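Report on one structure; see the data block that follows.
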Amino acid sequence: MSRNYTLRELMACVAAKQLEDGKAVAVGTGLPLVATMLAQQTHAPNLVIIFEAGGIAPQLPILPISVGDSRTIHKALCTTTLIDIMDTIRRGYVDYAFLGGAQIDSYGNLNSTMIGDDYEKPKVRFPGSGGANDFGSLAWETLIIMDRHSPRRFVKKVDFITTPGYLYGPGAREEEGLSENTGPSRVITDLCLFDFEPESKRMRLIACHPGVTVEDVIKATGFEIIIADNVRTTDPPTEEELRLLHEVIDPLGFVFKK
Amino acid sequence: MRLNCNMEMKILKEGSGEIFCKNTPSEVREWTRKNKTRALIDKRMPIKEAIKKFVHNGDYLAIGGFGHIRIPMVSIYEIVRQHIKDLSVAGHTAVQDIDMLMAGGCVKNVDIAYVVGFELRGLSGVQRRLFESGEVKKTEYTNGAMAYRLRAGAQGIPFIPVKVMLGTDTMLHSPGKVVRCPFTGEKVLLLPSLNPDVLIMHAHRADIYGNVQIDGHIVKDDLQARASKRVIVTVEEIISDDSIRADPGKTIIPFYMVDAVIEQPWGSHPGNMPYKYYFDHEFTEEYLAAGRDKDLKVIERWLDDWVYSFEDFDEYLTKLGSKRLYRLKDDEFLRVKNGGR
């Protein structure tokens, strides 16, 4: 049994487990990076971590503030250019893109651009794509981590498709010119874990976090979800995982506020 | 599979985004012949003079580094101090750099790949205000898309086919056009090339002629120097021509692309200069807080205190003080704070 933990910490631990050792991941700022570091420090020491600013295979000593700061090239094997990273992903070397966003829909389309219905005068302007659209278009699988699971963030229709999920359904990515056998594979939230049903390409609940019910997930989601036959319960974090999160990865409390 | 298609290239879908940079590769090529010296000449000059000479109202500006990493802050501060107006900016991971320019009222249009965010530090009040009101105009791209556009500009071709942005609203708010490849039949997105009027960048070192070395990741500086008409390089250190010639493979940018060389240690502060100094986190947090204040006088006062009241960057460094600056070296090398000091 581990000590008290938050669902947010648990989410990071569950997200880390989605990354297989010996594969390559292109990763974005914040929680995806926390999960990636945790994977590197636990079950996946040979995970190849790739940053869009040009860092390849670093050994991350502490959570970077930016996907381009000095930590992202700490004990790296190669430093290169942004376009070289995009070429590497397009050429098929990168298994996972690991992303977050402000809004998501049932096809895994992500919005990190704006809230509102007027592009010229949005209610809130967010950063935009950065490298997210590139990663989500080019990598084999897209893993998505969504904090604060609520109907405001899990919506029927995102206000802006920044990064492609399955767009409008099966075959849509290919129809628009994106490569076959690509797209989102997992969505990890602070309530549960989804995959995507192969036939419909829509989000499917496969596991709930301890203490969370299927009803809770349905209530927190703004679109109808598919529910797998056997919804599992995720494993709570271990003492060691919690120690790594707080003492090694994020000691300054950027993601897990103190 | 490769097809031998004999078809007209039809536009299947297109975005409505405006193209802010009007230069075409053919024009830039002609211009280069007449305006860029190939002679090995000393290009050192004061930053004041470099900005005055090469950055003009209405220019399309490219910025080196990665938003808050290896950014040319010494040039940014000088552009703000000289009140240069109506700039269009390449906003690919644009963070502290573009924020300061926007706070100073220098920016009219932005090609957006990443703006408004300070990554883990949250959103910028200054940029939210200017983008949400529509005061600053914008077109959407991605970080990859901006790099592809620069590659086309560097290569001297007017557009480039890419495999990103397809199917998204990001594409619909770009000037991209979807066509079928005449060799394979698959859909690709065409993007216009980009040849900025001027690049400002900060590097680890250069010689007086402008042969530039960068340690660590290069981001887009190589492409941006090749695509831009004018290039202003500030460096932590000027080194001898002999040291450049001893290891020419380290020269990321050759001298003939460079118009001005300025030696300015700490020139990326409060940004992170890899292998030199880490972020000045407190400085940026204070700056962000000033920008988020609803009372616009607060950010104006910040600019008075840290930009307008100084004659040059040396005065800025004096105000920061050596203790504070050296602490950033401890942070960079993950040493105990104030180790031995």
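Every read-out reported here was derived from the displayed coordinates using simple, explicitly stated rules and does not represent laboratory data. From a predicted model like this one, the values you see are computed outputs, not experimental measurements. Here the Cβ positions follow ideal geometry from the backbone for every residue, glycine too, while neighbour counts run over all protein chains shown.
Under the criterion of Cα pairs below 8 Å and six or more residues apart, the relative contact order for region B:1-141 equals 20 percent. From the alpha carbon centroid of region A:81-102 to that of region A:147-176 is 19 Å.
The orientation-averaged shadow of the Cα convex hull for chain B, equal to a quarter of the hull surface, comes to 19.5 nm².
Counting only other chain Cβ atoms within 10 Å of each residue's Cβ, the peptide A:115-127 averages 5. Given R₀ = 51 Å, FRET efficiency for B:Lys13-A:Glu215 by Cβ-Cβ distance, to 0.05? Once the sixth-power term is evaluated, E becomes 0.80.
Amide H contacts of B:Lys85: B:Asn57, B:Gly58, each under 5 Å away and 5 or more positions distant or on a separate chain (H built 1.01 Å from N in the peptide plane; Pro and chain starts excluded).
The value of relative contact order for chain B, using C-alpha pairs under 8 Å at least six residues apart, is 21 percent. Inter-chain Cβ neighbour count for B:82-89, averaged per residue, equals 0 (cutoff 10 Å, partner chain atoms only).
Of the trypsin sites (Lys or Arg not before Pro) in region A:1-67, the ones in a loop by DSSP (not H, G, I, E or B) with at most 11 other beta carbons within 10 Å are A:Arg3.
Across region B:223-333, C-alpha contacts under 8 Å between residues 6 or more apart give a mean separation that, scaled by the residue count, equals a relative contact order of 24 percent.
Karplus-derived 3J(HN,Hα) values for region B:132-138, using 6.51 cos²θ - 1.76 cosθ + 1.60 with θ = phi - 60°, are 6, 7, x, 5, 9, 7, 8 Hz; glycine and proline are entered as x. For region B:311-321, 3J(HN,Hα) computed residue by residue from phi via the Karplus equation (6.51, -1.76, 1.60; θ = phi - 60°) reads 6, 7, 5, 4, 5, 4, 5, 4, 5, 5, x Hz, glycine and proline entered as x. Each other residue within a Cβ distance under 10 Å of B:Glu140 adds +1 if Lys or Arg and -1 if Asp or Glu, for a net charge of -1.
Note on chain A: Lys pairs 8 or more places apart or on different chains, Cα atoms under 21 Å apart, count 8. The H on the amide N of A:Thr81, modeled in the peptide plane, is under 5 Å from the matching H of B:Ile218, each at least 5 residues off or on a different chain.
Taking θ as phi - 60° and the Karplus parameters 6.51, -1.76 and 1.60, the scalar couplings of region B:52-64 work out to 4, 6, 10, 10, 10, 3, x, 5, 8, 9, 10, 10, x Hz in sequence order, x denoting glycine and proline. Taken residue by residue and averaged, Cβ atoms of other chains lying within 10 Å of the Cβ of A:154-162 number 2. For region A:1-44 versus region B:29-44, the inter-centroid distance based on Cα atoms is 51 Å.
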